[in-house]
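Step one of this worksheet: look at the structure below.
Derivation of every value follows stated rules applied to the coordinates shown; laboratory data play no part. Owing to the predicted nature of the structure, the values given are computational and were not obtained by experimental measurement. Cβ: placed from backbone, ideal geometry, glycine included. Neighbour counts: every protein chain shown.
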């Protein structure tokens with residue numbers, strides 16, 4: 001099977017022009033088939049503030065009312081997505097910017113109101129990998145904004161880490177997939193205040209133990225849960241680490257490498 | 001050669017939820033290969049006003065400074081494009097929303113400062129029809145936002161009528177193309193205040209004559225110039241008319257049909 005790199009870029013990198021450009025330079029340099037999935041950084045919140053649309057976050061997730069859905073659609077699928085595509089094109093990388101509605105790529109179900117009403121937030125229901133594989137076969141590089149659709153005409157806001165995990169899992173039937181979660185941190189840290197305390201390797205058992213002991217930061221838990229789900233569904237390798245060190249992350253010389261073992 | 005319908009939707013239809021939905025229903029019903037190109041309506045101006053970014057229009061063209069480029073990227077490639085895609089998907093039409101940077105589809109040159117500095121506005125330089133043909137062959141329906149890129153990492157704001165004309169012309173080497181400019185008016189009017197005074201058919205000579213006599217409204221001239229350019233470059237048929245009558249426009253039973261004859 002051919003190799004496929006699925007790279008999620010998130011956190012503060014999106015908001016930092018110089019860091020993002022450096023990351024995209026490394027990304028464009030990957031010779032193998034690749035997919036980029038980006039988050040929204042703080043740009044959506046900044047626009048919402050300017051427009052006077054109050055944002056409510058619950059455990060790092062954005063409550064998405066109708067006005068907020070408009071904002072994330074503009075910022076994620078428009079501003080961030082198309083600027084990344086133009087930047088990659090300038091580096092000779094034939095990027096194509098899409099969201100989950102395009103080509104009916106990702107259908108999702110609007111999350112049911114529980115204790116919390118997340119609004120227009122969707123949980124992935126079905127992935128159409130044939131469409132994605134068709135793009136890769138044409139040497140196109142999909143750049144995905146974290147929006148899905150319900151098949152009934154509505155866009156839904158969907159967590160980018162989860163989309164990366166779902167695509168990585170589904171593509172594992174066809175490719176040898178490496179999934180990389182990259183952001184501003186060096187990796188999973190043993191001590192949250194010590195940037196040098198990166199855990200170089202961690203398996204599921206070690207993760208569960210550290211989680212129980214309260215040693216994994218709250219923000220890192222959903223990311224790690226996604227990572228182990230991806231491994232469970234056939235992804236060969238998951239690495240979490242610093243976006244600026246993408247080449248090292250791929251080579252396994254930086255960040256935290258996770259395994260199911 | 002196979003038929004191809006290239007449909008531009010613009011004007012006030014974009015801002016009118018019910019009219020847009022009705023138009024998209026008709027569009028989805030077209031059995032032949034098709035491409036939709038949309039403008040931005042008044043949504044970009046409305047967002048600019050909310051954000052306090054002053055908009056300057058010169059002869060119907062938007063002066064695009066850096067902040068305005070961000071706004072049109074958000075509104076055209078994000079909000080409008082992805083909502084149209086989701087709506088078409090719900091009608092069983094396998095839409096894919098793109099701008100000119102995606103797949104390196106349309107490269108453009110930043111317009112040089114003349115008497116007027118249009119800012120980040122681009123004039124089409126090169127169209128990569130192979131990419132578009134690849135999408136059509138996979139039964140995908142391209143939905144295009146009026147943005148291009150310069151190949152050096154910058155997005156550029158480009159007139160949607162012109163993009164429609166350029167694509168229609170270039171695709172005429174491969175398809176029998178019908179180009180439809182649809183909006184809120186019934187067609188080209190003989191008397192601007194009389195909505196029923198639609199000119200049913202007009203050739204280039206008749207157009208030039210009416211233009212000289214000052215009978216063609218200023219807003220209609222660039223559209224008609226684009227239409228005749230398209231015919232000159234091999235497009236079979238150009239029709240200008242009311243978006244809600246798309247089926248009739250296709251059948252030649254509504255609007256103004258143009259010919260080079």
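A few comments on the model shown:
- P(r) histogram, all alpha-carbon pairs of region A:1-76 included - 5 Å bins from 0, percent: 3, 14, 21, 19, 14, 12, 9, 6, 2, 0
- Chain A - Rg (one decimal) and Dmax (whole number), Cα, Å: 17.4, 50
- Distance from region B:165-221 to region A:198-261 (C-alpha centre basis), Å: 60 Å
- Alpha-carbon Debye profile of region B:41-112, log10 I(q)/I(0) at 0.18 Å⁻¹: -0.84
- From the largest down, region A:53-202 spans 44, 39, 32 angstrom on the principal axes of its Cα atoms.
- For residue A:59, the label point sits 7 Å beyond Cα toward Cβ; its separations from the matching points on the remaining copies run 5.9 nm, from shortest to longest.
- Gaussian network model of chain B, springs between alpha carbon atoms under 10 Å - residue of B:234, B:214, B:39 with greatest fluctuation: B:214
- FRET E, pair residue B:54, residue A:54, Förster distance 22 Å, beta-carbon r, rounded to 0.05: 0.25
- Neighbour counting of Cβ atoms within 10 Å sorts the residues A:32, A:166, B:59, fewest neighbours leading, into B:59, A:32, A:166.
- Chain A holds its axis-closest Cβ, relative to the rotation onto B, at the residue and whole-Å distance A:78, 1.
- Each residue, residue A:248 and residue A:232, gets one label point 7 Å from its Cα in the Cβ direction; the gap between the two is 3.2 nm.
- A label point on residue B:210, set 7 Å along the Cα-to-Cβ line, lies at 7.2 nm from each of its counterparts in the other copies, closest listed first.
- Taking the centroid of alpha carbons for each part, region B:20-92 and region B:96-132 are 16 Å apart.
- Highest mean first, the peptides A:170-183, A:66-79 sorted by other C-beta atoms within 10 Å per residue fall in the order A:66-79, A:170-183.
- Residue of A:244, A:125, A:49 that the Gaussian network model of chain A assigns the largest fluctuation, springs spanning Cα pairs under 10 Å: A:49
- Whole-Å semi-axes of the ellipsoid equivalent to region A:1-131 (Cα gyration tensor, √5λ, descending): 27, 20, 12
- Computed across region B:205-250, the Kirkwood radius stands at 11.8 Å (inverse of mean 1/r, all Cα pairs).
- Shown for residue A:193: label points 7 Å from Cα along the beta-carbon vector, and their distances to the equivalent points in the other copies, 7.8 nm in ascending order.
- The alpha-carbon atoms of the protein assembly as shown, seen along their principal axes, cover 83, 47, 46 angstrom, with the largest extent given first.
- Gaussian network model of chain B, springs between alpha carbon atoms under 10 Å - residue of B:82, B:112, B:212 with greatest fluctuation: B:212
- Spacing of the two label points (7 Å from each Cα toward its C-beta) at residue B:139 and residue B:212, in nm: 5.2 nm
- A convex hull fitted around the alpha carbon atoms of region B:137-239 yields 140 Å³ per residue.
- Kirkwood hydrodynamic radius of region A:92-166, Cα pairs, Å: 12.8 Å
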